[in-house]
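Coordinate-derived values only; no laboratory data. The structure presented is a predicted model; accordingly, all values stated were derived computationally and were not measured. Neighbour counts run over all protein chains shown; Cβ positions are idealised from the backbone, glycine included.
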Amino acid sequence: MASTRPIVQQNRGEAAAVGGVKQKKVAAEGRNRRALGDIGNLVPVRGGIDVAKQLPQVNRPITRSFCAQLLANAQAAAAENTLSSFCAQLLANAQAAAAENNKKQMAIPAEGVLAGKGGKQAALPLPPKPAQQKKVAVKPKPEAVIDISSSETEQAKREKPNRKKAIESSSSKKKGQTLTSTLTARSKAVCGLNNKPKVQIVDIDAADATNELAAVEYVEDMYKFYKEAESESHVYDYMDSQPEINQKMRAILVDWLIEVHNKFELSPETLYLTVNLVDRYLASKIVVRRELQLVGISAMLLASKYEEIWAPEVNDFVCISDRAYSHQQVLVMEKKVLAGLEWSLTVPTPYVFLVRFIKASLPNEPDVNNMTFFLAELGMMNYATVMYCPSMVAASAVYGARCTLNKTPLWNDTLKLHTGFSEAQLMDCAKVLVGFHSGAAENKLRVIYRKYSSPERGAVALLPPAKFLLPAAANN
């Protein structure tokens with residue numbers, strides 16, 4: 001029995017290049033044996049183009065460690081929410097590659113080669129294989145990435161619903177009401193904090209938006225500057241440094257200056273600036289008793305020149321003082337006051353803050369305005385208010401007026417914002433001002449009391465003071 005020779009498989013490109021003798025031998029041998037299909041150990045070539053270069057092949061052997069590495073990479077990709085699209089694309093590429101690879105599988109032509117004319121051979125197409133032969137056909141090795149990718153895709157699909165359930169459970173836990181939140185809500189309900197109204201700040205400059213004289217664009221910056229500058233011109237306790245002047249003499253002088261101010265019909269700014277100049281000069285220079293009234297006359301003359309359009313003349317002050325001082329003495333004292341104050345006349349007085357704070361005390365009512373100025377002038381006449389800064393005296397006057405007139409609320413967030421003081425901070429100064437109100441009717445210095453007892457000013461001096469702010473009520 002003759003032994004069969006080993007079959008040498010060649011690609012189509014190589015078979016086309018071999019001569020006729022070689023093709024005859026292959027054809028003769030092909031008639032005596034069964035054709036072998038591609039078993040996967042050859043790289044198919046079609047049309048001279050290397051298909052293996054176009055389709056990526058896995059050259060690394062599939063081991064357990066390699067499978068574990070691929071599985072870890074797939075899990076990392078699933079964590080980044082890109083595994084599904086990546087696996088789907090990889091599966092589609094693998095399926096396309098497998099389908100293309102099945103089409104390109106070739107068997108060595110043996111039975112389908114017939115001799116043509118002139119000794120040439122012509123290759124006839126093989127008849128289509130039955131369905132059973134397709135099942136028997138050799139498929140690519142199971143080491144391909146297809147199985148791994150499909151398993152990774154299935155694992156990712158299994159992980160998605162679990163992860164979705166975890167997210168939903170965590171969100172439901174956050175939405176759920178914890179024991180701490182429940183106890184906090186009950187505590188607020190018991191204390192009445194849930195019904196507390198929201199803080200409402202009223203824009204007090206809205207009505208003056210079109211008024212150019214109101215300077216709405218700069219008013220907040222202006223009063224911020226006043227608050228910073230008032231400490232520089234604030235006068236502290238100086239009475240101990242004056243050997244011949246006491247608090248009673250000062251009160252008599254201020255009471256007389258208020259009367260002169262009313263007779264000359266000067267502006268309120270002039271009165272508050274006059275008292276400020278007197279206190280600042282007395283705090284810097286020692287003044288004898290006989291010149292105290294002269295200091296007051298000179299201070300009002302300076303304030304009138306600074307604030308008034310038509311200021312009184314020197315002779316007017318000489319006559320109003322019953323010619324106690326000459327024309328020359330008034331001019332000399334005027335120079336001394338200017339030198340002692342270093343020509344600093346632009347200072348924030350209580351009147352500057354009173355105008356702003358009364359505007360913040362809504363609604364703007366005449367009785368509140370008159371009562372506020374009544375308390376402020378009482379405080380200006382008495383030396384006890386010198387220790388308080390001008391802004392606090394103004395805010396305390398507004399608070400004392402609201403308490404006397406029983407305005408509700410006594411102090412709100414709008415007033416707190418614009419004054420910069422809380423109700424507790426104003427309590428001490430307000431008690432001092434209300435105490436002056438309670439004793440104004442029996443006081444010998446009655447100029448301010450008569451001024452605010454007139455119907456033109458609402459007769460606010462005749463109203464009873466706020467009882468809970470009186471010192472006697474505080475002691476009880």
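Taking every pair of distinct Cα atoms and averaging 1/r, then inverting, what Kirkwood hydrodynamic radius in Å comes out for segment 339-429? Let's see the in-between values first.
Numbers: mean 1/r = 0.0742 Å⁻¹.
Across segment 339-429, the inverse of the average 1/r is 13.5 Å.
Report the local net charge at Asp208: Lys and Arg +1, Asp and Glu -1, summed over other residues whose C-beta lies under 14 Å from its C-beta. Write out the running numbers ahead of the final one.
Values: positive: Arg356, Lys359; negative: Asp203, Asp205, Glu212, Glu217, Glu220.
Summing Lys/Arg as +1 and Asp/Glu as -1 gives -3.
Sum up the charges of everything whose Cβ sits under 15 Å from the Cβ of Met239, counting Lys and Arg as +1 and Asp and Glu as -1, but leave Met239 out.
Counting the neighbours of Met239, the net charge comes to +1.
What does the charge count near Phe436 come to, summing +1 for each Lys or Arg and -1 for each Asp or Glu among other residues with Cβ under 12 Å from its Cβ?
Taking every Cβ under 12 Å from that of Phe436, the sum is -1.
Can you pull a Stokes-Einstein diffusion coefficient for segment 363-476 at 4 °C (1.567 mPa s), Rh from Kirkwood over Cα pairs, as a whole number of µm²/s?
Roughly 92 µm²/s, to the nearest whole number.
Pairs Lys263/Lys407; Lys263/Lys467; Lys224/Lys431; Lys188/Lys224; Lys305/Lys336: which are spaced more than 28 Å apart, C-alpha to C-alpha?
Pairs exceeding 28 Å: Lys263/Lys407; Lys263/Lys467; Lys188/Lys224.
In Å, the Kirkwood hydrodynamic radius of segment 258-358 over pairs of distinct alpha carbons?
13.8
Which whole-number percent gives the relative contact order of segment 257-338, counting Cα pairs below 8 Å spaced six or more residues apart?
33
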